[in-house]
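Enquirer: Would you mind keeping the following structure in view while I ask a few things?
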Amino acid sequence: MADDNNAPVFQIQRVYLKDLSLEQPNSPQILLEQAQPQVDINLNLAAQPVADGVYEVSVTATVTTKVNDKTLFLVEAKQAGIFEIRNIPDEQLQPIIGIACPQIVYPYLRAIVSDVCTRAGFPPVVLAEVNFQAMYEAQQQQQAAGGANLN
C-alpha cells in the first residue's frame with residue numbers, strides 16, 4: 001500500500017488528564033454556612049510542540065467558589081491531548097491548534113470538573129460551552145492590534 005508522504009495528517013494520539021487539584025481550605029466550618037456561594041471560573045489554553053509534527057494542547061479550568069469572601073472549594077483541572085498534525089499549511093496550523101484541538105479536549109475537562117465537585121460533596125459545577133473559534137479570533141485581533149513588536 002503506497003503512502004502519500006505529503007498528505008495532510010490530523011490524528012488524536014491521546015487525550016489525558018494532566019493535572020487535578022481540589023482544595024477545601026476552610027472545611028469543615030465553612031460547610032455550615034448557609035449563604036449562596038459565588039463561583040468564579042477561568043479557562044486557559046496552552047499548546048506546545050512535543051516532537052516534529054506532534055503537539056500537546058491543554059485546556060485548564062480553575063473554579064473558585066467562595067462564601068462571604070472565604071474559599072469554599074477550589075478545583076483546578078488541566079486536560080490535555082497529543083495530536084499529530086503534519087503537512088498542513090502554516091496559515092491553517094494555528095487555527096487547528098487553537099480551535100479544533102481544544103474543542104476535542106474540552107468535553108473531557110467539563111466532565112472531570114463536574115465529577116470532582118460532586119465527589120467533594122458539592123453540587124456539580126457545569127462549565128459552559130465555549131466557542132473556541134471566537135476565542136481564537138479575538139486573540140488574533142488582540143495580537144494584530146498590539147502588533148509591531150511581536151515576532
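Enquirer: Exposed (fewer than 10 other Cβ atoms within 10 Å of the Cβ) and either of a type in the set (S, T, N, Q) or in contact with an Asp or Glu (Cβ under 7 Å, 6 or more places away or on another chain) (or both), is that true of Asn6?
Expert: yes
Enquirer: Give me the residue from the stretch 9-50 that is of a type in the set (A, V, I, L, M) and farther than 30 Å from Gln103 by Cβ and, out of that set, surrounded by the fewest Cβ atoms within 10 Å (Cβ to Cβ).
Expert: Checked the stretch 9-50; the qualifying residue surrounded by the fewest Cβ atoms within 10 Å (Cβ to Cβ) is Leu32.
Enquirer: While we're here: Determine whether Arg119 is surrounded by fewer than 14 Cβ atoms within 10 Å (Cβ to Cβ), of a type in the set (Lys, Arg) and over 30 Å from Asn5 (Cβ atoms).
Expert: Yes.
Enquirer: Does the stretch 35-77 hold any residues that are closer than 20 Å to Phe122 by Cβ, part of a strand (DSSP E or B) and free of Cβ contacts under 8 Å to residues at least 24 places away in the same chain, and which are they?
Expert: Once the filter is applied, which keeps residues that are closer than 20 Å to Phe122 by Cβ, part of a strand (DSSP E or B) and free of Cβ contacts under 8 Å to residues at least 24 places away in the same chain, the stretch 35-77 yields Asn42, Thr62.
Enquirer: Does Gly81 satisfy the condition of being in contact with a Cys (Cβ under 9 Å, 6 or more places away or on another chain) and surrounded by 12 or more Cβ atoms within 10 Å (Cβ to Cβ)?
Expert: yes
Enquirer: Keeping to the stretch 93-129, report how many residues are among the β-branched types (Val, Ile, Thr), outside any helix (DSSP H, G or I) and either at pLDDT below 90 or touching a strand residue (DSSP E or B) at 6+ places or on another chain (Cβ under 7 Å) (or both).
Expert: So the count comes out to 1.
The values are calculated or read from the model by the stated rules, or taken from the named source; none is laboratory data. Bear in mind the structure is a predicted one, so any value in this text is a computation, not a measurement. A quick note on method: Cβ atoms are made from the backbone with ideal geometry, for glycine too, and the neighbour counts reach across all protein chains shown.
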